[in-house]
Amino acid sequence: MITTGRVVIVGAGLGGLYAALMLAPRPVLVISPETLGEGASSAWAQGGVAAAMSEGDSPEAHARDTVAAGAGTVDPEIAALVTGAAPAQILDLTDHGTPFDRDAAGNYVLNHEAAHSIARVVRVKGDQAGRKIMETLIAEVRAAPSVQVMERVLAQGLISENGRVTGVELAQIDGDAISQPVALLAPAVLLAGGGSGGLYALTTNPPRIRGQVMGLAARAGAVMADMEFVQFHPTAIDVGRDPAPLATEALRGEGARLVNADGLFFMEAEHPMAELAPRDVVARAVFAQTQAGKRPMLDTRAALGEAILTQFPAVAAACRKAGIDPVRAPIPVAAAAHYHMGGVATDAAGRSSLPGLWVCGEAASTGLHGANRLASNGVLEALVFARRAAEDIAADLPGAAPDAPALALDFTPGGPALDPDAVQHLREVMTRHVGVRRTGAGLAQAITRIRALQAAHASSPDFANMCATALLIATAALQRRESRGAHWRDDFPAPDPDFVQRSRLTLAEAQQMTQENA
């Protein structure tokens with residue numbers, strides 16, 4: 001084993017990079033499975049950061065909208081904490097150099113997104129918030145003497161001693177090859193490695209975001225929360241690409257409408273807020289149109305016309321690459337796995353149930369999102385909890401920040417590689433049985449298939465991490481015998497007051513449940 005005095009941060013998205021900066025001057029090692037800036041969901045976030053930045057808005061109103069969107073299972077204290085911190089978070093990012101859009105008077109330009117009662121999403125160049133914030137933080141991380149970034153390296157497991165997380169098992173990636181693991185002991189570990197969207201065959205998440213970070217925490221014994229609540233974005237651009245490019249929700253905030261192949265604007269019959277209904281409602285409506293062969297599309301022509309090319313350049317570029325001209329034709333869309341409200345259960349400081357382990361970002365379940373995340377609260381939560389976790393880690397570690405030399409790990413080739421066919425099989429199982437609409441029979445079948453896949457590929461820790469997360473999602477969904485927020489059961493289509501609470505589950509409990517029902 002190798003010992004370092006550096007705090008290890010697993011993941012190099014917004015949460016991981018921001019926490020690394022907040023920990024300065026304490027030495028930090030950031031683990032990134034890709035070249036820094038690539039492969040993180042944060043860089044793909046189009047909408048922006050939700051914050052009460054206008055005179056007619058308030059953190060209290062933002063919190064009310066968050067609670068309402070969460071369908072009864074949001075922790076109101078966490079909602080108040082995060083929305084209260086949001087305005088200062090925007091000002092801090094501005095001080096760091098993030099080029100948020102401003103009007104002639106210097107006010108922040110705000111988008112109106114689904115289920116918000118007012119325009120409150122701070123944006124960058126229309127639809128490039130995630131990428132521009134990432135660029136800002138990457139430049140600072142590269143210049144920070146306290147931060148070492150180890151690229152093309154992934155975490156495969158956690159090391160524990162006497163119930164406390166004391167380090168991580170790391171492996172190097174070289175193309176499709178993976179090295180043998182190296183054990184690294186560290187004073188604290190922060191997981192900031194994204195969600196689970198890539199466990200589904202249709203997703204907007206980067207290719208490596210397949211629940212591995214949640215899974216390695218679960219395999220170490222961490223309590224997981226709200227695992228059944230996976231959010232499907234209603235307007236992934238449906239052009240056969242994996243992952244699917246995203247048509248940001250802000251387009252609907254600007255007046256874009258959903259239409260089917262028959263020319264029917266179908267959202268008016270689904271919800272009083274039509275296109276601005278909560279994401280779960282819109283996603284199910286889009287999914288139903290797809291299942292009926294009605295080819296749902298997002299029509300931006302009347303609302304934006306040629307302005308889409310300059311106001312939403314990322315969407316325009318994705319359309320152009322697919323041979324679509326959004327100025328003259330509607331954009332084909334589908335519901336795709338987008339964000340996981342569940343994850344490793346944490347407290348208000350980002351602490352998991354395992355001493356020595358903190359979690360922030362999409363891998364965490366803080367209680368903010370409930371059953372259905374309010375649009376653009378994801379980036380906000382990642383930043384707020386990255387700061388809170390960093391402050392708590394610093395307070396937890398004794399003494400002043402030590403000097404820690406840069407690490408040079410010696411990776412040996414020959415680790416067990418992922419079987420791409422097994423990964424694709426898992427993704428198809430999740431899409432078919434644990435997707436937008438679920439049934440008890442389908443979930444039970446998924447659990448059987450997941451267990452069989454994991455057993456057949458037991459030598460791969462990366463696949464074991466994916467299967468752990470998949471099993472937890474399916475088991476939690478089977479246990480929640482109702483429909484609430486993003487979790488829909490065709491066999492239990494109504495909400496049940498007996499389930500108005502967050503779910504909590506360990507991997508051992510999920511495995512025991514599935515064995516008993518086998």
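The values are calculated or read from the model by the stated rules, or taken from the named source; none is laboratory data. Remember, predicted model here, so these are calculated numbers, not experimental data. All Cβ positions, even for glycine, are placed from backbone atoms using ideal geometry, and neighbour counts span all protein chains on display.
Taking the criterion of being of a type outside the set (Val, Ile, Thr) and in a strand (DSSP E or B), the residues of the stretch 95-136 that qualify are Arg102, Tyr108, Leu110, Asn111. Does Ala68 satisfy the criteria of being at negative phi and either crowded, with 19+ Cβ neighbours inside 10 Å or in a loop (DSSP other than H, G, I, E, B) (or both)? Answer is no for this residue.
Being in contact with a Gly (Cβ under 6 Å, 6 or more places away or on another chain), within 25 Å of Gly367 (Cβ to Cβ), in a loop (DSSP other than H, G, I, E, B) and modelled with pLDDT of 95 or more, is that true of even one residue in the stretch 48-58?
The first filter runs over the stretch 48-58 and keeps only residues in contact with a Gly (Cβ under 6 Å, 6 or more places away or on another chain), leaving none.
So far as the stretch 48-58 goes, no, none of its residues is in contact with a Gly (Cβ under 6 Å, 6 or more places away or on another chain), within 25 Å of Gly367 (Cβ to Cβ), in a loop (DSSP other than H, G, I, E, B) and modelled with pLDDT of 95 or more.
Quick one: which of Ala390, Ala408 is out of contact with any His (no Cβ under 9 Å at 6 or more places or on another chain), farther than 30 Å from Asp242 by Cα and at pLDDT 95 or above? Result: Ala390 is the single residue among Ala390, Ala408 that is out of contact with any His (no Cβ under 9 Å at 6 or more places or on another chain), farther than 30 Å from Asp242 by Cα and at pLDDT 95 or above.
Please determine whether any residue of the stretch 372-380 is of a type outside the set (Asp, Glu) and over 14 Å from the mean Cα position of the chain (by Cα). Scanning the stretch 372-380, I find no residue that is of a type outside the set (Asp, Glu) and over 14 Å from the mean Cα position of the chain (by Cα), so the answer is no. Only strands (runs of 3 or more DSSP E) whose full extent lies in the stretch 315-370 are considered here, and none of them has at least 3 residues that are surrounded by 21 or more Cβ atoms within 10 Å (Cβ to Cβ) and of a type in the set (S, T, N, Q).
Evaluating Gln501 against the criteria (1) surrounded by fewer than 13 Cβ atoms within 10 Å (Cβ to Cβ); (2) farther than 21 Å from Ser365 by Cα leaves one unmet condition, (2).
Among the conditions (1) in contact (Cβ under 8 Å) with a residue 40 or more places away in the chain; (2) crowded, with 21+ Cβ neighbours inside 10 Å; (3) of a type in the set (S, T, N, Q), the only one that Gln511 does not satisfy is (2). The number of residues in the stretch 267-300 that are more than 16 Å from Arg437 (Cβ to Cβ), buried (at least 23 other Cβ atoms within 10 Å of the Cβ) and of a type in the set (Asp, Glu) comes to 1.
Can you confirm whether the stretch 455-466 contains a residue that is of a type in the set (S, T, N, Q) and without any contact (Cβ under 8 Å) to a residue 24 or more places away in the chain? Steps first, answer last, please.
Just the residues of the stretch 455-466 that are of a type in the set (S, T, N, Q), to begin with: 459-460, 465.
So of that shortlist, the ones also without any contact (Cβ under 8 Å) to a residue 24 or more places away in the chain come out as none.
No, that holds for no residue.
If the condition is being closer than 19 Å to Val436 by Cα and modelled with pLDDT under 95, then the stretch 249-266 contributes only Glu249.
Quick check on my filter: what residues within the stretch 247-266 are outside any loop (DSSP other than H, G, I, E, B), touching a strand residue (DSSP E or B) at 6+ places or on another chain (Cβ under 7 Å) and surrounded by 24 or more Cβ atoms within 10 Å (Cβ to Cβ)? Talk me through it step by step, then tell me what you get.
Step one: list which residues in the stretch 247-266 are outside any loop (DSSP other than H, G, I, E, B), which gives 250-253, 257-259, 266.
Those left that are additionally touching a strand residue (DSSP E or B) at 6+ places or on another chain (Cβ under 7 Å): 250-251, 253, 257-259, 266.
Of everything in the stretch 247-266, those that are outside any loop (DSSP other than H, G, I, E, B), touching a strand residue (DSSP E or B) at 6+ places or on another chain (Cβ under 7 Å) and surrounded by 24 or more Cβ atoms within 10 Å (Cβ to Cβ) turn out to be Ala250, Leu251, Leu258.
When the test is whether a residue is under 30 Å from Ala86 (Cβ atoms), part of a loop (DSSP other than H, G, I, E, B) and not acidic (Asp, Glu), Val384 does not pass it. Taking the criterion of being closer than 27 Å to Pro181 by Cβ, touching a helix residue (DSSP H, G or I) at 6+ places or on another chain (Cβ under 8 Å), without any contact (Cβ under 8 Å) to a residue 40 or more places away in the chain and surrounded by 21 or more Cβ atoms within 10 Å (Cβ to Cβ), would at least one residue in the stretch 473-480 satisfy it? Within the stretch 473-480, not a single residue is closer than 27 Å to Pro181 by Cβ, touching a helix residue (DSSP H, G or I) at 6+ places or on another chain (Cβ under 8 Å), without any contact (Cβ under 8 Å) to a residue 40 or more places away in the chain and surrounded by 21 or more Cβ atoms within 10 Å (Cβ to Cβ).
Only one entry of Asp491, Asp419 meets the criterion of being in contact (Cβ under 8 Å) with a residue 12 or more places away in the chain, surrounded by fewer than 23 Cβ atoms within 10 Å (Cβ to Cβ) and in contact with a helix residue (DSSP H, G or I) (Cβ under 6 Å, 6 or more places away or on another chain), and that entry is Asp491.
Out of the residues in the stretch 170-218 that are part of a loop (DSSP other than H, G, I, E, B) and β-branched (Val, Ile, Thr), which is surrounded by the fewest Cβ atoms within 10 Å (Cβ to Cβ)?
Among residues in the stretch 170-218 that are part of a loop (DSSP other than H, G, I, E, B) and β-branched (Val, Ile, Thr), the one surrounded by the fewest Cβ atoms within 10 Å (Cβ to Cβ) is Thr204.
Among the residues of the stretch 211-243, those identified as at pLDDT 95 or above and at positive phi are Gly211, Gly221, Asp226. State whether one or more residues within the stretch 438-450 are small (Gly, Ala, Ser), touching a residue at least 40 places away in the same chain (Cβ under 8 Å) and within 22 Å of Tyr339 (Cα to Cα). For the stretch 438-450, residues small (Gly, Ala, Ser), touching a residue at least 40 places away in the same chain (Cβ under 8 Å) and within 22 Å of Tyr339 (Cα to Cα): absent.
Consider Glu228 carefully, then state whether it is within 17 Å of Leu374 (Cα to Cα), assigned to a loop (DSSP other than H, G, I, E, B) and in contact with a Lys or Arg (Cβ under 6 Å, 6 or more places away or on another chain). Write out each step before concluding.
On the way: within 17 Å of Leu374 (Cα to Cα): yes; assigned to a loop (DSSP other than H, G, I, E, B): yes; in contact with a Lys or Arg (Cβ under 6 Å, 6 or more places away or on another chain): yes.
It is true that Glu228 is within 17 Å of Leu374 (Cα to Cα), assigned to a loop (DSSP other than H, G, I, E, B) and in contact with a Lys or Arg (Cβ under 6 Å, 6 or more places away or on another chain).
Yes or no: the stretch 293-305 includes at least one residue that is touching a residue at least 40 places away in the same chain (Cβ under 8 Å), out of contact with any helix residue (DSSP H, G or I) (no Cβ under 9 Å at 6 or more places or on another chain) and over 23 Å from Gly130 (Cβ atoms). So far as the stretch 293-305 goes, yes, one or more of its residues are touching a residue at least 40 places away in the same chain (Cβ under 8 Å), out of contact with any helix residue (DSSP H, G or I) (no Cβ under 9 Å at 6 or more places or on another chain) and over 23 Å from Gly130 (Cβ atoms).
Quick one: which of His457, His425, His433 is farther than 30 Å from Ala371 by Cβ and at pLDDT 95 or above?
None of the others qualify; the one that does is His457.
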